[in-house]
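*Asks:* Here's a structure for you.
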Amino acid sequence: MAGENSMVKIFDTTLRDGEQSPGASMQREEKLQVARQLARLNVDVIEAGFPVASPDDFEAVSQIAAEVGNLSDPPVICALARATDKDILEAARSVKNACLPRIHTFIATSPVHMDKKLRMGPEEVLLTIDRAVTLARKNVRDVEFSAEDAFRSDRTFLARAVRTAIEAGATTINIPDTVGYAVPDAVKDLFRFLIDTIPGAKNIVFSCHCHDDLGLSVANSLAALEAGARQVECTVNGIGERAGNAALEEIVMALRVRKPWFNLETRIRSEEIFRTSRLISSVTGMIVQPNKAIVGENAFAHESGIHQDGLLKAKDTYEILVPEQVGVLGGRLVLGKHSGRHALNDRLKAMGYSLSPEELERVFSRFKKLADQKKELYEEDLEVLLTEEGSQSQDRFVLKRLHVSGGTEIPPTATVVLERDGVEHRMAGLGDGPVDAIYRTVSKMTGTDARLVSYSVKAITGGTDALGEVTVRIDGNGLLSIGQGADTDILVASAKAYLAALNRLERKKTKAGRLSSISSFDSEKTEIQETS
């Protein structure tokens, strides 16, 4: 099965491994929003989280399993679990309402991990694998086993571990490059060795999970597929631990553009790629670099005169895929202040969004307000309006009005009116600049001692009336929080972003308070490990 099938399963771990990027943690509502979009993208498996890590993560996985896991053509909903009874039983409970539930259990197999982290001998690891996979299989039919740090493992012992997992009932075997150590030829060699020598290996699915520490995650993933793997684990925009994971969009489009070479295909709806990328960037605050393959804003831009001349004569001279294939539309969206609900709703449907009458009314209200400020609205503007939908009802702090004055001879002054816990407050304050004045005033009004870590601004669309997007990161006593705000007035966008970060920090503090009441595990063997 591993080498004969031409269909590659896309296992998306954006909600689990991707969320482990520093500062990229998502709230439950954001995870559900991402999961819905991943379903529209048509991924085969959504690794929804690590249920035992926290009550909030458990609830998020459970909600995704119940809603996204019961669509008409549902993806597999997967929960991660260490090779311990508690983890596996929690994972089973979290995905029980999905049509296609999966438990993904793991343990390390490299000498350095077994000795220094697990403090277990090889035979004890093998017994743990057998027990864990057997227990998982009693709870679900679909069980995946990962040999953490596989590429620094002794291959003979790794083969024994994989064989143990297969005999215990694992249906998918993942060979992860946990620390981004592998190179393509070594990946091919190891996968071929395992598939060719382990009894029963050709009857199960082999999977790869590559990290990008040496910039080789996509190349290594493609090498694994050439060697017989038929599942690839990846994240949108390549986010993840340290330097990140293999980027879903790059793997999918490499297989599509170079299909004559690989003779492999996926079920991914590629026209949803760009929209998914934008959503992940929005909820995590991790801006996609302009020269990022497939989804970067320069991915289809050409400045060289030679390139432009060639493109005007024939697009395939310098473009191996067209923007529309990944959901980047060449034409402009022309919506303005005279556009009505029907026109807006039609365009949103064309973009893949289905809003309830109440949601449409709220978005339309913000649309009209923005349309009064801009002559034309683009799809990117609508994406911003949609990401704002529903967020304010959960916020402790809401910006109501803002006035900023300053100049070369006038001290920058900000007058802020905000709603705190449903009560309106007003305050004015000075600063070294207009943004500093806003942030100092808001800090006093909210009583926060959070430190501003970073501040960035970019124009979402072109023109002097462009919608500006501000992203801030703040640190509240060790808790990192990200906030984004958008407006045609960059000072208003700055205030929105700062308040969004403060609101998110409030939710994190609440979550941290719940977590502090949870007792820690007794032994180092059950310490939450960095996984594949």
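*Asks:* Would you pick out the residues in region 94-113 that are over 30 Å from GLN63 (Cβ atoms) and touching a Phe, Trp or Tyr at 6+ places or on another chain (Cβ under 9 Å)? Spell out the reasoning first.
*Replies:* Kept after step one, since they are over 30 Å from GLN63 (Cβ atoms), are these residues of region 94-113: 108-113.
Answer for region 94-113, where residues must be over 30 Å from GLN63 (Cβ atoms) and touching a Phe, Trp or Tyr at 6+ places or on another chain (Cβ under 9 Å): THR109, SER110, PRO111.
*Asks:* Quick check on my filter: what residues within region 9-21 are surrounded by fewer than 23 Cβ atoms within 10 Å (Cβ to Cβ) and either assigned to a loop (DSSP other than H, G, I, E, B) or at pLDDT below 85 (or both)?
*Replies:* The first filter runs over region 9-21 and keeps only residues surrounded by fewer than 23 Cβ atoms within 10 Å (Cβ to Cβ), leaving 9, 20-21.
Of everything in region 9-21, those that are surrounded by fewer than 23 Cβ atoms within 10 Å (Cβ to Cβ) and either assigned to a loop (DSSP other than H, G, I, E, B) or at pLDDT below 85 (or both) turn out to be GLN20, SER21.
*Asks:* Name the residues in region 90-119 that are of a type in the set (D, E, K, R) and in a loop (DSSP other than H, G, I, E, B), would you? Before you say what the answer is, go through the steps one by one.
*Replies:* In the first step, residues of region 90-119 are kept if they are of a type in the set (D, E, K, R); the result is 90, 93, 96, 102, 115-117, 119.
Hits for region 90-119 are LYS96, ARG119.
*Asks:* Which of the residues belonging to region 57-89 are in a helix (DSSP H, G or I) and crowded, with 21+ Cβ neighbours inside 10 Å? Even if it seems obvious, please write down each step before you answer.
*Replies:* Pass one, region 57-89, residues in a helix (DSSP H, G or I): 57-70, 85-89.
Within region 57-89, ASP57, ALA60, VAL61, SER62, ILE64, ALA65, VAL68, GLY69, ASP87, ILE88 qualify.
*Asks:* For a quick check of your reading of the model, give me the residue pairs whose first member lies in region 37-64 and is under 15 Å from CYS234 (Cβ atoms), whose second is assigned to a helix (DSSP H, G or I) and of a type in the set (D, E, K, R), with beta-carbon atoms closer than 6 Å and at least 6 apart or on different chains.
*Replies:* From residues that are under 15 Å from CYS234 (Cβ atoms), the pairs are LEU41/GLU272.
*Asks:* Among the residues of region 266-288, count how many are in a loop (DSSP other than H, G, I, E, B) and small (Gly, Ala, Ser). Can you show your working first?
*Replies:* As a first pass, look at region 266-288 and keep what is in a loop (DSSP other than H, G, I, E, B): 266-269, 285-288.
Checking which are small (Gly, Ala, Ser) leaves us with 285.
So the count comes out to 1.
*Asks:* Out of the residues in region 22-55 that are over 27 Å from ALA254 (Cβ atoms) and among the small types (Gly, Ala, Ser), which is surrounded by the most Cβ atoms within 10 Å (Cβ to Cβ)?
*Replies:* GLY49
*Asks:* Let me ask something additional. Kindly establish whether ARG242 is assigned to a loop (DSSP other than H, G, I, E, B), of a type in the set (Lys, Arg) and either surrounded by fewer than 24 Cβ atoms within 10 Å (Cβ to Cβ) or at pLDDT 95 or above (or both). First the steps, then the outcome.
*Replies:* On the way: assigned to a loop (DSSP other than H, G, I, E, B): yes; of a type in the set (Lys, Arg): yes; either surrounded by fewer than 24 Cβ atoms within 10 Å (Cβ to Cβ) or at pLDDT 95 or above (or both): yes.
Here the answer is yes, as ARG242 does meet what is asked.
*Asks:* Condition (residue is part of a strand (DSSP E or B) and at pLDDT below 90) applied to region 490-500: is it met by at least one residue?
*Replies:* From region 490-500, those part of a strand (DSSP E or B) are none; that's our starting set.
No, there is no match, as no residue in region 490-500 is part of a strand (DSSP E or B) and at pLDDT below 90.
*Asks:* Sticking with this one: Out of all the residues in region 39-61, which are closer than 28 Å to ARG230 by Cβ and of a type outside the set (A, V, I, L, M, F, W, C)?
*Replies:* The answer is ARG40, ASN42, ASP44, GLU47, GLY49, PRO51.
*Asks:* Here's another thing I want to ask about it. Residues being of a type outside the set (Val, Ile, Thr) and not in a helix (DSSP H, G or I): count how many of those fall in region 22-56. Walk me through how you get there before you give the answer.
*Replies:* The first filter runs over region 22-56 and keeps only residues of a type outside the set (Val, Ile, Thr), leaving 22-33, 35-42, 44, 47-51, 53-56.
Pick out the ones that are also not in a helix (DSSP H, G or I) and you get 22-27, 42, 44, 47-50, 54.
Number satisfying all stated conditions: 13.
*Asks:* On the given criteria, is ALA132 hydrophobic (A, V, I, L, M, F, W, C), touching a residue at least 40 places away in the same chain (Cβ under 8 Å), closer than 13 Å to ASN174 by Cα and assigned by TED's automatic domain parsing to the domain that holds HIS211?
*Replies:* Numbers: hydrophobic (A, V, I, L, M, F, W, C): yes; touching a residue at least 40 places away in the same chain (Cβ under 8 Å): yes; closer than 13 Å to ASN174 by Cα: no; assigned by TED's automatic domain parsing to the domain that holds HIS211: yes.
Taking the combined requirement at face value, the residue does not satisfy it.
*Asks:* Identify all residues within region 365-408 that are over 20 Å from ARG275 (Cα atoms), among the hydrophobic types (A, V, I, L, M, F, W, C) and at pLDDT 80 or above; write none if there are none.
*Replies:* Listed by number, the residues that qualify are PHE397, VAL398, LEU399, LEU402, VAL404.
*Asks:* Ok, one more. Can you run down the residue pairs with Cβ atoms below 8 Å, 6 or more apart or on separate chains, where the first is in region 192-212 and under 18 Å from VAL143 (Cα atoms) and the partner is assigned to a helix (DSSP H, G or I) and among the polar types (S, T, N, Q)?
*Replies:* Going by the 8 Å Cβ cut-off, the qualifying pairs are CYS208/ASN220; CYS208/SER221.
Here is a yes/no grid of residues against (1) within 26 Å of VAL232 (Cβ to Cβ); (2) loosely packed, with under 15 Cβ neighbours inside 10 Å:
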{"position": "ALA108", "(1), (2)": "yes, no"}
{"position": "VAL112", "(1), (2)": "yes, yes"}
{"position": "LYS116", "(1), (2)": "no, yes"}
{"position": "LEU127", "(1), (2)": "no, yes"}
{"position": "VAL133", "(1), (2)": "yes, no"}
{"position": "VAL143", "(1), (2)": "yes, no"}
{"position": "SER146", "(1), (2)": "yes, no"}
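*Asks:* While we're looking at this one, here's another question. Answer yes or no: is there a residue in region 41-61 that is more than 25 Å from ILE273 (Cα to Cα), among the small types (Gly, Ala, Ser) and touching a strand residue (DSSP E or B) at 6+ places or on another chain (Cβ under 9 Å).
*Replies:* yes
Conditions tested, residue by residue: (1) surrounded by fewer than 19 Cβ atoms within 10 Å (Cβ to Cβ); (2) closer than 28 Å to LEU505 by Cβ.
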residue	(1), (2)
PHE262	yes, no
THR266	no, no
THR276	no, yes
LEU279	no, yes
GLY285	no, yes
ILE294	no, no
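*Asks:* Would region 429-445 turn up any residue that is in contact with a strand residue (DSSP E or B) (Cβ under 7 Å, 6 or more places away or on another chain), part of a strand (DSSP E or B) and either modelled with pLDDT of 85 or more or among the polar types (S, T, N, Q) (or both)?
*Replies:* Checked region 429-445: at least one residue is in contact with a strand residue (DSSP E or B) (Cβ under 7 Å, 6 or more places away or on another chain), part of a strand (DSSP E or B) and either modelled with pLDDT of 85 or more or among the polar types (S, T, N, Q) (or both).
*Asks:* Here's something else I'd like to know. So, in region 177-190, how many residues would count as being hydrophobic (A, V, I, L, M, F, W, C) and either assigned to a loop (DSSP other than H, G, I, E, B) or not assigned by TED's automatic domain parsing to the domain that holds ALA243 (or both)?
*Replies:* Within region 177-190, the subset hydrophobic (A, V, I, L, M, F, W, C) is 179, 182-183, 186-187, 190.
After this cut, where a residue has to be either assigned to a loop (DSSP other than H, G, I, E, B) or not assigned by TED's automatic domain parsing to the domain that holds ALA243 (or both) as well, the list is 179, 182-183.
The number of residues fulfilling the criteria is 3.
*Asks:* Being among the hydroxyl-bearing types (Ser, Thr, Tyr) and out of contact with any Phe, Trp or Tyr (no Cβ under 9 Å at 6 or more places or on another chain) is true for just one of SER146, SER153, SER207. Which residue is that? Explain how you work it out, then say what you get.
*Replies:* Working: SER146 fails: out of contact with any Phe, Trp or Tyr (no Cβ under 9 Å at 6 or more places or on another chain); SER207 fails: out of contact with any Phe, Trp or Tyr (no Cβ under 9 Å at 6 or more places or on another chain).
After ruling out the rest, the residue left standing is SER153.
*Asks:* Let me ask another. Among the residues of region 191-211, write down those that are farther than 11 Å from GLY228 by Cβ and in a helix (DSSP H, G or I).
*Replies:* The answer is THR197, ASN203.
*Asks:* Would you check which residues across region 212-239 are part of a loop (DSSP other than H, G, I, E, B) and either buried (at least 20 other Cβ atoms within 10 Å of the Cβ) or not aliphatic (A, V, I, L, M) (or both) and list them?
*Replies:* Just the residues of region 212-239 that are part of a loop (DSSP other than H, G, I, E, B), to begin with: 212-216, 227-230, 239.
Correct list: ASP212, ASP213, GLY215, LEU216, ALA227, GLY228, ALA229, ARG230, ILE239.
*Asks:* I'm checking my understanding of the structure. Among residues of region 446-469 that are in a strand (DSSP E or B) and touching a Leu at 6+ places or on another chain (Cβ under 9 Å), which one is nearest to VAL398 (Cα to Cα)?
*Replies:* Here is the first cut: in region 446-469, the residues in a strand (DSSP E or B) are 451-459, 468-469.
Among the residues that remain, those that are also touching a Leu at 6+ places or on another chain (Cβ under 9 Å) are: 453, 459.
Working: VAL453: 22, ALA459: 23 Å.
Of everything passing the filter in region 446-469, VAL453 is nearest to VAL398 (Cα to Cα).
The values are calculated or read from the model by the stated rules, or taken from the named source; none is laboratory data. Quick caveat: nothing in here was measured; it's all calculated off a predicted structure. Glycine gets a Cβ as well: all are built from the backbone with ideal geometry, and neighbour counts include every protein chain shown.
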